[in-house]
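Chemist: Here's a structure for you.
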Amino acid sequence: MSKAIHYNPHVIMMIKGRTSNNPIKSSEIERKLHIAGVTVREIVHRARTVENLPICSDSKGYYFPMNKSEADKTMRQLRSRAKQLVEAANGIEEYYITDNQKELF
């Protein structure tokens, strides 16, 4: 997380009060706390990775799961995104290690 971004416990409290039936959109958190979307994402990332909080998200917003089963969808989605990013990086790397390189210019 960027050094310029400070942890805001209010973000986590807003999410902890939500379930999968009433998630909170990032835009609502941003508006209520006067912070940027990137800040919300970095705070959620820190909560998930440093504090090990099971914050879930989907197209409807962020929420706190009632159980692990509810968290499974978010875990699968995060792992799928990570896999896609690794595949993209590998594709770029492959360009530089194949014999069939093309000039960029």
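Chemist: Could you tally up the Lys pairs in the chain with alpha carbons closer than 22 Å? Skip any pair fewer than 8 positions apart unless they're on separate chains.
Modeler: For the chain, qualifying lysine pairs total 13.
Chemist: According to the Kirkwood expression over distinct Cα-Cα pairs, how big is the hydrodynamic radius of the chain, in Å?
Modeler: Details: mean 1/r = 0.0635 Å⁻¹.
About 15.8 Å for the chain.
Chemist: Calculate for the chain the 222 nm mean residue ellipticity that helices alone would give, adding -39,500 (n - 2.57) per DSSP H run of length 4 or more and normalising by residue count, nearest 500 deg cm²/dmol. Please report the intermediate quantities before stating the final value.
Modeler: Numbers: 4 runs with 59 residues, N = 105.
Result for the chain: -18500 deg cm²/dmol, rounded to the nearest 500.
Chemist: In a GNM of the chain with a 10 Å cut-off on Cα contacts, which of Glu93, Glu30, Glu70 has the highest mean-square fluctuation?
Modeler: Ranking Glu93, Glu30, Glu70 by mean-square fluctuation puts Glu93 first.
Chemist: May I pose another question? In percent, how large is the relative contact order of the chain, given Cα pairs closer than 8 Å and 6 or more residues apart?
Modeler: Working: 83 pairs, mean separation 26.2, N = 105.
Contact order relative to length: 25 percent.
Read the figures in this text as sums done on the coordinates, not as results from a lab. Predicted, not measured: the structure shown is a model, and the values here were computed from it.
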